[in-house]
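See structure below.
Every number here is computed from the coordinates shown, using simple stated rules; none is lab data. Model, not experiment: these values are computed from the prediction. Note: ideal-geometry Cβ built from the backbone for every residue, glycine included; neighbour counts use all protein chains shown.
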Amino acid sequence: MSVQNDTQSIAESYDRLLPEITPENRPYWDGLAEGELRLQCCDACGEYRFPDSEVCPRCLSGSFGWRAVSGKGRLWSWIRMHQRYLSAFDEVRPYLVAYIKLDEGPPIISTLVDVPDDLEFDLPVRAVFEPGLSERTILKFAIETPEDAA
Ligand SMILES: [Zn+2]
């Protein structure tokens, strides 16, 4: 098998891992493509939620809007994946699975770019928008540096 075919099959298996784009989640994916993290926000109680859902998990209202959020949060937990579970991640293994608590409230499971050796609980992070192996832009997070805040 050629290198090109290997890369193509990895991209295809990576694509299969991504959730299907539906009318309900399209604003999220469109936002990422435009460099913005957009979440549903409840019109009744103001709670942000992720992933998308028909009703607010806090007050059960079905009324909501999509709003851009800061993309800032804190590293709440993480794990380094060394074991090969999915061939789609062969090129990036070992990779980090990060549990991020967004400043607006919802938790998001993602990964970090430029992972330092010395991760700490509660490190400030910010969203970055990276083209994936597929056509889609993928949400990742970067450790916030003092220069970012300046
Ligand atoms: Zn609500």
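Quick notes
- 0 to 90° range, to nearest 10: angle between helix 3-17 axis and the chain longest Cα axis: 30
- For Lys101 and Tyr85, the difference between the fully extended length at 0.36 nm per residue and the C-alpha to C-alpha distance is 3.2 nm.
- Taking label points 7 Å from Cα along the Cα-to-Cβ direction, Ala68 and Leu18 give a separation of 2.1 nm.
- If the segment from Glu130 to Arg58 were pulled out straight at 0.36 nm per residue, it would be longer than the present Cα-Cα gap by 22.8 nm.
- Equivalent ellipsoid semi-axes, segment 89-150, via Cα gyration tensor eigenvalues times 5, rooted, Å: 20, 14, 13
- Computed from point charges on the beta carbon alone (+1 for Lys and Arg, -1 for Asp and Glu), the dipole magnitude for segment 41-130 about its Cα centre is near 160 Debye.
- Placing +1 on the Cβ of every Lys and Arg and -1 on the Cβ of every Asp and Glu, with no other charges, gives the chain a dipole of roughly 360 debye about its Cα centre.
- Span per principal axis, largest first, for the Cα atoms of the chain (Å): 55, 37, 28
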